[in-house]
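Worksheet: one structure, shown below.
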Amino acid sequence: MKLNGGVFVKFEMKTVALLLFSYRVIPLILGMLTRHIIIKRKGKSYFLELKKIFPGMSAIGILIIVFFSVAKVSRLVLRQPVIFLLIFAGLTLYYLIQTFLSIVFAKALGFKYEEGMIMILGAVASSQAISLSVAATAFSPLTVFALSFKPVLQVFYIMFLIYFVGPRLKSFLGTKHLYSELKK
């Protein structure tokens, strides 16, 4: 049985590279320029106060993308609910493999519980906005739907990591920090 159903996703590498440049480099440059202008005109304390609203704005932006991405394929998914189950199974398998590899690397690198959990949670919650942006412009609506479903599953998976895997990981990796050993 082929896990991808025998379907290959075709895409232009130039298009994806251009999109990554558009979604990563240009906003980075514009953000640095905006930061510089705000600090120059209003001062650093004003910028630090303004900076507090950015995470909320980013979250709203992702929710809007998720809403429209799901709405775009909702009829198809309702007609063929197996699509939802396949995406759920694929994402769950992805998270389990990613977690397993992160735990193996954490142990191999000598990370203790705190450092290991930071690495695992960082790997699980990575680049959602970028992935959605690229998928929305370069791939099919079902690819976007799969990525749109990822944050929903992510919340429950992170709770699973913290409350179920966390206590077991604490005994597996230990709790003494690496940096506290380096200070001695």
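Data for the structure
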read-out	value
Residue list for the range 95-117, filter: among the small types (Gly, Ala, Ser) and in contact (Cβ under 8 Å) with a residue 12 or more places away in the chain	SER102, ALA106, GLY110, GLY116
Filter result for the condition that a residue is small (Gly, Ala, Ser) and more than 24 Å from TYR157 (Cβ to Cβ), over SER22, SER69, SER74, SER58	SER22
Number of positions in the range 43-68 that are more than 18 Å from the chain's Cα centre (by Cα) and within 22 Å of LEU147 (Cα to Cα)	1
Cβ-Cβ under 6 Å pairs, at least 6 apart or on other chains, the range 59-75 side under 20 Å from LEU85 (Cα atoms), far side surrounded by 12 or more Cβ atoms within 10 Å (Cβ to Cβ) and among the hydroxyl-bearing types (Ser, Thr, Tyr)	VAL66/SER148; SER69/SER148; VAL70/SER148
Lone qualifier among LYS40, LYS14 - being of a type outside the set (Ser, Thr, Tyr) and either modelled with pLDDT of 85 or more or under 20 Å from PHE149 (Cβ atoms) (or both)	LYS40
Yes/no for SER45 being under 30 Å from THR34 (Cα atoms) and touching a helix residue (DSSP H, G or I) at 6+ places or on another chain (Cβ under 9 Å)	no
Any hit, the range 84-107, residues being surrounded by 12 or more Cβ atoms within 10 Å (Cβ to Cβ) and charged (D, E, K, R)	yes
Among residues of the range 87-103, those that are β-branched (Val, Ile, Thr) and under 17 Å from GLY166 (Cβ atoms), counted	2
Helices (runs of 4 or more DSSP H) lying entirely in the range 69-184 (those with 3 or more residues that are at pLDDT 85 or above and under 21 Å from the mean Cα position of the chain (by Cα))	82-108
Residue in the range 35-58 that is touching a Leu at 6+ places or on another chain (Cβ under 6 Å) and either surrounded by 12 or more Cβ atoms within 10 Å (Cβ to Cβ) or farther than 29 Å from ILE120 by Cα (or both) present	no
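The values are calculated or read from the model by the stated rules, or taken from the named source; none is laboratory data. This one's a predicted model, so the numbers in the text were calculated from it and none came from an experiment. Heads up, the Cβs are rebuilt from the backbone with ideal geometry, glycines too, and the neighbour counts pull from every protein chain shown.
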